[in-house]
Amino acid sequence: MGIRNYLIGGVSGAGKTTVCNELQRRNYHAIHGDRELAYQGDPETGTATDGFKPEHHIWHVDKVRALVGNQDEPVTFFCGGSWNFSKFIDLFDAVFILEVDLETCLQRIDERVALDPTDWGGRPEEREFCARLHQTKEGVPKNGIIIDATAPIAHVVDEILRQIEANERQRR
């Protein structure tokens, strides 16, 4: 949906949803990928699967392609995580990876679960999974621009926008 398209990823609790909300608050076109594009499916084939497995949290590739192809907006941010990002990562002008320490990650998950006990990360096996992913960075693009997401949200979003502006200046 943008002339320029950016992916904002990171592990659970890194702040992807909060960044998306802040971008929208600032009137940027930002898509909550985990809400608007995600489903349970095989990361290789895209075939829908029954039940819930965190490693089957994928995005509809055709929807991502269609949104990127629509150039109604000057900039679109796709925020969230997807285990099949390799199927569409090449569509983005840049990828930003929100990074936080494990303690911050787990604290944010605890805060989220306190508001909604059914939210991801509330069960012990989910916390263990989150901790493992935090350590291994599985499911997170490897060559993204690292953003320190322990900073206040306004600073995190300002840094993403600063990086984009700097990249644009270099292209000219």
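The values are calculated or read from the model by the stated rules, or taken from the named source; none is laboratory data. Source: prediction; values computed, not measured. We place every Cβ from the backbone using ideal geometry, glycine too, and count neighbours over all the protein chains shown. The protein model used for the area step is the full one, side chains on, heavy atoms only, and it has no ligands, DNA or RNA in it. Shrake-Rupley method; radii C 1.70, N 1.55, O 1.52, S 1.80 Å.
Its convex hull of Cα atoms gives region 9-77 a direction-averaged projected area, equal to a quarter of the hull surface, of 5.2 nm².
Which percent, nearest 5, of DSSP beta bridges in the chain are antiparallel?
Numbers: 4 of 23 bridges.
Approximately 15 percent, going by the DSSP bridge assignments.
Determine the dipole magnitude for region 51-127: charges of +1 sit on the beta-carbon of Lys and Arg, -1 on that of Asp and Glu, nothing else is charged, the reference point is the Cα centre, and the result goes in debye to the nearest 20. Before the final figure, lay out the partial values.
On the way: 8 positive and 15 negative charges, 62 e Å.
Charge dipole of region 51-127: 300 debye, to the nearest 20.
Sorted by average packing, counted as other Cβ atoms within 10 angstrom per residue and highest first, what order do 48-54, 58-64, 97-103 take? Before the final figure, lay out each step's value.
Details: 48-54: 11.0, 58-64: 19.6, 97-103: 17.3.
Answer by packing, highest mean first, reads 58-64, 97-103, 48-54.
When nucleic acids and ligands are ignored and a 1.4 Å probe is applied, ARG112 ends up with an accessible area of around 70 Å². Mean residue ellipticity, 222 nm, helices only, the chain: the sum of -39500 (n - 2.57) across DSSP H runs of n ≥ 4, divided by residue count and rounded to 500, is -12500 deg cm²/dmol. The value given for the chain is a Kirkwood hydrodynamic radius of 16.4 Å, derived from the mean inverse Cα-Cα separation. The listed residues SER86, SER12 rank as SER86, SER12 when sorted by accessible area, largest first, using a 1.4 Å probe.
Dividing the alpha-carbon radius of gyration of region 102-172 by the rule-of-thumb value 2.2 N^0.38 Å gives 1.42.
Among the cysteines of the chain, those whose beta-carbon sits 4.7 Å or more from every other cysteine beta-carbon are CYS105, CYS130.
Take every DSSP beta bridge whose two residues both sit in region 8-89; close to 45 percent of them are antiparallel. Principal axis extents of the C-alpha atoms in region 52-139 (largest first, rounded to whole Å): 42, 25, 24.
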